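Working notes, structure below.
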Amino acid sequence: MDPVIFTTTAIIAKILVLLGVTLGVVPIMVWFERRGAGWFQGRPGPNRVGPFGLLQPLADVIKFFFKEDWVPANANKFYYLMAPVIALVAPLAAISVIPFGSHIIIGDHVVHLQLANIDSGVIFILAFAGLEVYPVILAGWASNNKYSTLGALRGSAQVVSYEISMGLALLSMLLFYGTFNMNEMVTWQSQSLLGPIPSWGAFLNPFAALVFWISIFAETNRLPFDLPEGESEIVAGYHLEYGAFKFAAFFMAEYCAMIMASALLVTVFFGGYGFLPGMQMLLEMATAQFGLAEVGIQNVTALLQFISLASKVAFIMFVFVWVRWSLPRFRFDQLMDLGWKWLFPLSLVNLVYSALLTWYMN
Amino acid sequence: MGTINVSRKYTLAQKIYLYYIIKGMLINLKRFFRGLFLQENWTIQYPEQRREYSQRFRGAHFISVDKNKTENCTACFLCETVCPAECIHIIAEERPEDENTYGVWKEKKPASFDIDLLRCCFCGFCEEACPKDAIKLSRDYEMSVATRDEAIFDLNHLKREVKGRG
Ligand code: SF4
Ligand code: SF4
C-alpha cells in the first residue's frame, strides 16, 4: 500500500478510536457516578432504565435533547455559545499526545499508538489543560448573571492557583525523565527500580504524585474542590444559564477532562501503558499458546499495554468518584489556604529535592 | 460581630488532613462494596415495596357508609366548624325518608361535601369532632394529583371503600 494513504488511514483510525473510547467512557462514567453514589450511600441508585440502570445516560441525553434551547437575552451570544465548545475541545485535544501503547505492526508498517508524538508533549498538555479555565470564565461572564460571574471568579481563582503546584510537580518529574516527550517518559518508567518494581514516577517521587493528584481534582472542578458550583450559595455557578444540550456539553466536558487528567497522571506517575504486574506472564502464556512470531508478540504486547493503561485510568477515575462521595467540600478560604500555603511551598521544596536527587543519581 | 469562633485543639495528624481523609475513605469503600455485593440498602424500592406506617397514621379522608351505601354523615357541620384549615365545605339538605332503612331517623344529609386536600393539614380534628363517626382519616398516603381540582374530594369520592380502617 502507498505509505501516504496508509499513514493517513492510520491517523484517522487513531482519531476515531481515541474519540470513540473517550466519548464512549463518558456515559459509562455518568452511570457509574450515579450508581456508585448509591452504593456508597447505601441505596441502589438509578436502576429503572434498562438492566442495572445502564440506559440511564441515554435517557438523560434524550431529555437534554428535547429541552428548550434557550439563550439569555442579555448574554454575549458569541462567547456564551463558545464556552461549552472550548470546554469540550480542550481535554479532547490534550488526549491526543497521551501514548496508549507502544506500536503495532500491520503488514510491514509500524503504527505508533499515539496520535501526536511531539517532543513538547508535556507543554502541549499543560497548554490545553490551562485552556480549561477559559470556558469557566467565558461562560460565567458571557451569561451576564451575578451567580455565574461569582462562580466563574471562584473557578478561575481555584484553577489558576492549583495549576502552579500542578506545574511544579510535573516539573520535578521532568528533571527525572529529562524529556518532554510522553512516549520517552513511559519508556523511562518501564526500567526496573528495585527488582520487579518498575521505576514509576510515583515511587521515585511520591510527594509530587500526591500534589499532582490533588491538583487535578481542583483542575477538573471535582469534589472536594467543586467551588465553581455550589447549590446553596451560587446555584449552579458558571453554567447556571446553560440548558439543554449546552449544559450536556459542559457535563461531558467535565468527564472528558477527568479522563484526560487521569491519563496524564497515569502517564507521568504510574508508568503510562507500562505493564501491570502479571501482564508479562500473560504475554508469555499467549506466546506459548498460539506460537506467536515477533509481529504477533508485538501486537499482543500493544493490546496488553492498552489494557494496562485503561485499567490504570479506570482506577484513577474510580478514585475520583470515591473521593467525591466521601469527602465534604472545602470552604473557599480553606481551598486557597491549601493551595497557596501548603501545596505551593511544599512542591517548591519537592522540586529542589528532585533536582538534588537527579544530580546525585547522575 | 455575629461570628463566634470556637477554637478546637487539633492534633498534627488532623491538621495534615491526609491520614484522616484516607481513613474516612476506607470506611466509605467498605460501604461501597457492601452496597455493590450485598445490596445493603437503607432505602426501599417505593412503588414495589411499601413502608408499614403506624395504625394511627392520618391520611386521605373518607366518609363511612352503612350497608346500603348511605353515608353516616348528618351534615351537622361540626367538622366544618372545627377544621383549623377551613377546608371542609358542606351544603346540607333534607334526607328523604326512604333512605333511613334502619329506622334511625337522620333528618339531614349533605348535598355536597367537599374537602380541599391542598389546604388540609391532616390534624384529624374533623374525625374527633364527628358525632356520627362519619368522617375518618384513612391510612392512604398516596394523594398526588395532576390538577388542583382533583385534590378536592367530593362526596362521591369520600364514600369510596377504604380497607383496613372504618
Ligand atoms: S384533618 Fe384537620 S384540616 Fe383536615 S379536614 Fe379534618 S379538621 Fe380540617
Ligand atoms: S362528617 Fe360528621 S361532623 Fe361532619 S357534618 Fe357529617 S356528621 Fe357532622
Subject >> Number of positions in the range A:25-43 that are modelled with pLDDT under 85 and more than 10 Å from chain B (Cβ to nearest Cβ) >> reply: 0
Original post:
Do any residues in the range A:310-331 that are among the aliphatic types (A, V, I, L, M) have Cβ atoms under 6 Å from those of residues that are at pLDDT below 90 and part of a loop (DSSP other than H, G, I, E, B), where the two are at least six apart or on different chains, and which pairs are they?
Top reply: A:327/A:224
**OP:** Return a yes/no flag: does the range B:3-15 have any residue that is away from chain A (no Cβ under 14 Å), exposed (fewer than 12 other Cβ atoms within 10 Å of the Cβ) and among the small types (Gly, Ala, Ser).
**Re:** yes
Subject >> Selected residue (only one of B:150, B:94 is out of contact with any strand residue (DSSP E or B) (no Cβ under 7 Å at 6 or more places or on another chain), more than 15 Å from ligand 1 (Cβ to nearest atom) and at negative phi) >> reply: B:150
**OP:** State whether one or more residues within the range B:70-79 are under 30 Å from residue B:47 (Cα atoms), part of a strand (DSSP E or B), of a type in the set (D, E, K, R) and modelled with pLDDT under 90.
**Re:** no
Original post:
Out of (1) surrounded by fewer than 24 Cβ atoms within 10 Å (Cβ to Cβ); (2) at positive phi; (3) in contact with an Asp or Glu (Cβ under 7 Å, 6 or more places away or on another chain), what's the single condition that is false for residue A:237?
Top reply: (1)
Original post:
Out of the range A:119-144, which residues are out of contact with any Asp or Glu (no Cβ under 7 Å at 6 or more places or on another chain), within 21 Å of residue A:262 (Cβ to Cβ) and at pLDDT below 80?
Top reply: A:121
**OP:** Identify all residues within the range A:176-199 that are among the hydrophobic types (A, V, I, L, M, F, W, C) and surrounded by fewer than 16 Cβ atoms within 10 Å (Cβ to Cβ); write none if there are none.
**Re:** A:193, A:194, A:197
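Listed here are the residues, each with its yes/no results for (1) within 16 Å of ligand 2 (Cβ to nearest atom); (2) loosely packed, with under 11 Cβ neighbours inside 10 Å.
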| site | (1), (2) |
| --- | --- |
| B:32 | no, no |
| B:44 | no, no |
| B:47 | no, yes |
| B:50 | no, no |
| B:61 | yes, no |
| B:64 | yes, no |
| B:74 | yes, no |
| B:85 | yes, no |
| B:90 | yes, no |
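For the range A:50-82, give me each residue that is assigned to a loop (DSSP other than H, G, I, E, B) and open to solvent by 50 Å² or more (accessible area, probe 1.4 Å).
A:54, A:55, A:66, A:67, A:68, A:69, A:70, A:73, A:74, A:76 - these are the residues of the range A:50-82 that are assigned to a loop (DSSP other than H, G, I, E, B) and open to solvent by 50 Å² or more (accessible area, probe 1.4 Å).
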**OP:** Scan the range B:114-124 and give yes if some residue there is of a type outside the set (D, E, K, R), more than 9 Å from ligand 2 (Cβ to nearest atom), within 15 Å of the chain's Cα centre (by Cα) and more than 16 Å from residue B:58 (Cα to Cα), otherwise no.
**Re:** no
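The values are calculated or read from the model by the stated rules, or taken from the named source; none is laboratory data. These numbers come from a predicted model, not from an experiment. Glycine gets a Cβ as well: all are built from the backbone with ideal geometry, and neighbour counts include every protein chain shown. The area values use the complete protein model at the heavy-atom level, side chains included, leaving out ligands, DNA and RNA. Shrake-Rupley method; radii C 1.70, N 1.55, O 1.52, S 1.80 Å.
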